[in-house]
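Heads up: the structure comes next, in structure tokens.
The values are calculated or read from the model by the stated rules, or taken from the named source; none is laboratory data. Being a predicted model, the structure only gives us computed values, none of them experimental. Cβ placement follows ideal geometry from the backbone for every residue including glycine, while neighbour counts extend to all protein chains displayed. Each accessible area value is taken on the protein alone, full model and side chains, heavy atoms only, with ligands, DNA and RNA left out. Shrake-Rupley method; radii C 1.70, N 1.55, O 1.52, S 1.80 Å.
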Amino acid sequence: MKRFLALLAAVLGLLAWHAPLLAQTVSPYGQSAFLYRLTFAEEFGNGLNPAIWNDHIWYESSNPTINYAVQNGVLKIWPQRDASGNFFNRTIDTDGHFSQTYGFFEIEAKLPVGKGVWPAFWIFNHIGTRRPEIDIMEAYPGGGPASGWSDANLHPTAYGVTVWKDATALAGSKMIQTTDLSAGFHKYGLKWESSRMTFYFDGRATYTLNVRMRDPMYLLLSLWFGSASGTPDSTTPTGSTNAFEINYVRAWQFRF
């Protein structure tokens, strides 16, 4: 038994020693690990680290009603009414903690349903008066079948990607038709090169845009309300069983 425990301790020590190296072998889904160097990996194994994540966007204060939590290694953000009875926006971001220019950005997520809900994964920055923004995934389940964004049960069956060179300077956008995005987890990715952006869904390229953007951007996970999803109402499911669920958030830089 002592020999076994000593061997086990040695193996665990070896794994711990090589953990950074092992982490480097994680590659963007469907991409070659040889081409990328991991720069950010949030697997939510130890809750939500306040040294990395803020729970509100920079121009708002944090709503004291808690509508997010890490459960079993998954970050969940759900629709909830606050003390005044209103639905409120929640943003979880790395503003001031992590930003990057170029590379590959990816999450694995499951989306909520219902009137008004507006989940998104994006990168952004507020630089002076400029607002460069890349929306890697935005969904509008409340839009309904006539909008093209969801089915009759207000389950998301499409999502959008959008690139803004500035707040009023749209570079390109596309609606991507899918299966029900609330039924399971899917991977949403962006390959951002110096003069081109390629968006991915479950490893498949869905949209390519030739555009130059050079500002560093930070990561945002948000559950807002409105836009093409409409206004939330009494039919909007609340609570953690109807959450924007994120299994991981990762970013890589190009090796070459």
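Only one of these is among the β-branched types (Val, Ile, Thr), exposed (fewer than 15 other Cβ atoms within 10 Å of the Cβ) and modelled with pLDDT of 95 or more: THR162, THR198, THR208. Name it. Walk me through how you get there before you give the answer.
Numbers: THR162 fails: exposed (fewer than 15 other Cβ atoms within 10 Å of the Cβ); THR198 fails: exposed (fewer than 15 other Cβ atoms within 10 Å of the Cβ).
The conditions single out THR208.
Restricting attention to the range 188-206, report how many residues are in contact (Cβ under 8 Å) with a residue 24 or more places away in the chain and either touching a Gly at 6+ places or on another chain (Cβ under 8 Å) or under 20 Å from VAL249 (Cβ atoms) (or both).
The qualifying residues number 13.
Filter the range 147-156 for residues that are more than 11 Å from ALA228 (Cα to Cα) and either surrounded by fewer than 21 Cβ atoms within 10 Å (Cβ to Cβ) or of a type in the set (A, V, I, L, M, F, W, C) (or both) and give the result. Explain how you work it out, then say what you get.
We begin by selecting, within the range 147-156, every residue more than 11 Å from ALA228 (Cα to Cα); these are 151-156.
Residues satisfying the conditions are ASP151, ALA152, ASN153, LEU154, HIS155.
Is the range 223-237 home to any residue that is in contact with a strand residue (DSSP E or B) (Cβ under 7 Å, 6 or more places away or on another chain), at pLDDT 95 or above, assigned to a strand (DSSP E or B) and open to solvent by 20 Å² or more (accessible area, probe 1.4 Å)? Scanning the range 223-237, I find at least one residue that is in contact with a strand residue (DSSP E or B) (Cβ under 7 Å, 6 or more places away or on another chain), at pLDDT 95 or above, assigned to a strand (DSSP E or B) and open to solvent by 20 Å² or more (accessible area, probe 1.4 Å), so the answer is yes. Before we move on, is ILE176 surrounded by 15 or more Cβ atoms within 10 Å (Cβ to Cβ) and touching a Ser or Thr at 6+ places or on another chain (Cβ under 6 Å)? Answer is yes for this residue. Of all the criteria given as (1) hydroxyl-bearing (Ser, Thr, Tyr); (2) touching a Phe, Trp or Tyr at 6+ places or on another chain (Cβ under 6 Å); (3) closer than 30 Å to THR65 by Cα, the one not satisfied by TYR207 is (3).
Among the residues of this structure, VAL249 does not count as one that is over 16 Å from LYS110 (Cβ atoms), in a strand (DSSP E or B), at pLDDT 95 or above and out of contact with any Lys or Arg (no Cβ under 9 Å at 6 or more places or on another chain). For LEU190, are the conditions met, namely being open to solvent by less than 40 Å² (accessible area, probe 1.4 Å) and in contact with a helix residue (DSSP H, G or I) (Cβ under 9 Å, 6 or more places away or on another chain)? Judged against the criteria, LEU190 is not a match.
Just checking, which of ALA51, ALA41 is at pLDDT 95 or above, of a type in the set (Gly, Ala, Ser), in contact with a helix residue (DSSP H, G or I) (Cβ under 7 Å, 6 or more places away or on another chain) and more than 27 Å from THR235 (Cβ to Cβ)? Before you say what the answer is, go through the steps one by one.
On the way: ALA51 fails: in contact with a helix residue (DSSP H, G or I) (Cβ under 7 Å, 6 or more places away or on another chain).
The unique qualifying residue is ALA41.
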